[in-house]
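K.L.:
Dropping the structure in here first, questions after.
The values are calculated or read from the model by the stated rules, or taken from the named source; none is laboratory data. These figures come from a predicted structure and were not determined experimentally. Reconstructed Cβ throughout: ideal geometry from the backbone, glycine too, with neighbour counts over all protein chains shown. With ligands, DNA and RNA removed, areas are computed over all heavy atoms of the protein, side chains included. Shrake-Rupley method; radii C 1.70, N 1.55, O 1.52, S 1.80 Å.
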Amino acid sequence: MDHVSRDAIRTRGHHALSVRWRAVFGRAARKIPLDAGFSCPNRDGTLSKGGCIFCNARGAGTGLARLPLAEQWARWREARQARWGDVALVGYLQAFSNTHGPARRLARVLDELSHIPDLEGLCLGTRPDCLDHEKLALLAAFPAKELWLELGLQSCNPATLARVNRGHGPESFAEAVRAARDHGLKVCAHLMAGLPGEDERHWDATVDFVASLPVAGVKFHNLHVARGSLLETHWRIGGYEPIALERYAAWLARALARLSPEVVVHRLAADPAHGELLAPEWAGDKRRVHEAIRRAAAASGLRQGDLWPPAQG
Ligand code: SF4
């Protein structure tokens with residue numbers, strides 16, 4: 001374990017991204033959301049038109065996709081610096097699937113980003129089935145101090161993935177993680193707790209599955225009901241009940257303990273877009289959620305890495 005993760009775990013109980021970024025950039029860092037106008041194969045008809053049941057037509061987009069990336073950057077930069085002072089700025093391509101389509105499109109976007117002088121890092125979200133050697137090589141060549149490839153898995157259970165209409169299986173995720181590692185890229189896995197039909201055994205299995213792969217980071221989400229998603233319809237007719245906060249906090253405390261201390265924790269809970277959250281109500285109160293997780297971890301006496309690696313058999 002390096003000293004950065006050891007110190008972070010000693011003071012916070014987990015290896016937080018903010019701590020890593022202070023070490024990488026020499027100061028605090030903040031993300032700037034960028035929308036390059038990509039779509040998603042699970043929405044544009046390549047795989048399906050419905051999308052994952054928890055996603056809505058906005059797909060985490062900023063609504064600024066019509067503007068050049070440098071212009072989007074300039075709009076956000078001022079506000080970030082006015083609020084946070086001298087911080088390192090990291091571009092975040094979050095909307096939809098940012099490697100969908102031909103490699104030349106990704107190459108154009110990365111070229112645009114490489115000309116933004118104060119962009120010091122990049123996080124790029126996509127699906128595991130939207131990557132190939134050419135795209136991974138483009139990402140690996142991007143000139144940033146830090147690049148994270150964020151890949152959605154949500155669950156390692158094939159039945160759950162089918163139920164939520166992910167359009168890919170766990171093996172596709174595992175292959176993409178190994179291929180990214182072979183290109184020297186750091187992968188951050190997205191996991192969701194409280195998926196329909198899942199209990200804590202499914203959750204633990206998903207955490208252990210990710211912990212067994214060369215994943216460098218994890219982003220935890222509690223499944224919430226977003227306005228305009230298919231899940232909203234299920235929830236309105238009583239077909240889905242979100243996970244309770246105390247339960248989520250206990251699941252998270254255990255999940256952190258099951259991860260290697262080297263894994264960087266990007267997020268402890270979902271961050272619903274303004275005006276989109278329908279349920280559970282607690283998901284809109286980040287401080288309350290973090291406090292509940294802190295208390296659950298303290299009650300269990302567990303810190304990140306305490307139950308890692310999992311016992312065999
Ligand atoms: S893969 Fe991502 S963008 Fe596509 S439908 Fe699912 S959640 Fe939405």
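K.L.:
Hey, can you tell me all the residues within the stretch 10-28 that are in contact with a Lys or Arg (Cβ under 8 Å, 6 or more places away or on another chain) and part of a strand (DSSP E or B)?
P.N.:
Passing the criteria: none in range.
K.L.:
Residues Ala36, Ala74: which one is under 19 Å from Ile116 (Cα atoms) and in a loop (DSSP other than H, G, I, E, B)?
P.N.:
On the way: Ala74 fails: in a loop (DSSP other than H, G, I, E, B).
Result: Ala36 is the single residue among Ala36, Ala74 that is under 19 Å from Ile116 (Cα atoms) and in a loop (DSSP other than H, G, I, E, B).
K.L.:
Take the residues of the stretch 116-137 that are farther than 17 Å from Pro102 by Cβ and in contact with a strand residue (DSSP E or B) (Cβ under 6 Å, 6 or more places away or on another chain): which is surrounded by the fewest Cβ atoms within 10 Å (Cβ to Cβ)? Can you show your working first?
P.N.:
Initially, the stretch 116-137 is screened for residues farther than 17 Å from Pro102 by Cβ, giving 116-123, 125, 128.
If we keep only those that are in contact with a strand residue (DSSP E or B) (Cβ under 6 Å, 6 or more places away or on another chain) as well, we get 118-123, 125, 128.
Values: Asp118: 10, Leu119: 22, Glu120: 19, Gly121: 20, Leu122: 24, Cys123: 25, Gly125: 22, Pro128: 26.
Here the answer is Asp118.
K.L.:
Could you tell me which numbered condition Trp21 fails, if it satisfies all but one of (1) at pLDDT below 95; (2) more than 10 Å from the ligand (Cβ to nearest atom)?
P.N.:
Failing condition for Trp21: (1).
K.L.:
Of the residues Ala179, Ala249, Ala162, which single one is surrounded by fewer than 21 Cβ atoms within 10 Å (Cβ to Cβ), over 16 Å from the mean Cα position of the chain (by Cα) and either more than 16 Å from the ligand (Cβ to nearest atom) or at pLDDT below 95 (or both)? Break it down into steps so the answer makes sense when it comes.
P.N.:
On the way: Ala249 fails: surrounded by fewer than 21 Cβ atoms within 10 Å (Cβ to Cβ); Ala162 fails: either more than 16 Å from the ligand (Cβ to nearest atom) or at pLDDT below 95 (or both).
From the options Ala179, Ala249, Ala162, the qualifying one is Ala179.
K.L.:
What number of residues in the stretch 138-159 are touching a residue at least 40 places away in the same chain (Cβ under 8 Å) and open to solvent by 40 Å² or more (accessible area, probe 1.4 Å)?
P.N.:
The qualifying residues number 2.
K.L.:
Could you say which residue among Thr99, Thr62 is within 16 Å of the ligand (Cβ to nearest atom), crowded, with 22+ Cβ neighbours inside 10 Å and of a type in the set (Val, Ile, Thr)? Walk me through it before giving the result.
P.N.:
Details: Thr62 fails: crowded, with 22+ Cβ neighbours inside 10 Å.
Exactly one residue qualifies, and that residue is Thr99.
K.L.:
Ok, one more. Considering every residue within the stretch 202-212, establish whether at least one is over 20 Å from Glu241 (Cβ atoms), open to solvent by less than 20 Å² (accessible area, probe 1.4 Å) and more than 14 Å from the ligand (Cβ to nearest atom).
P.N.:
yes
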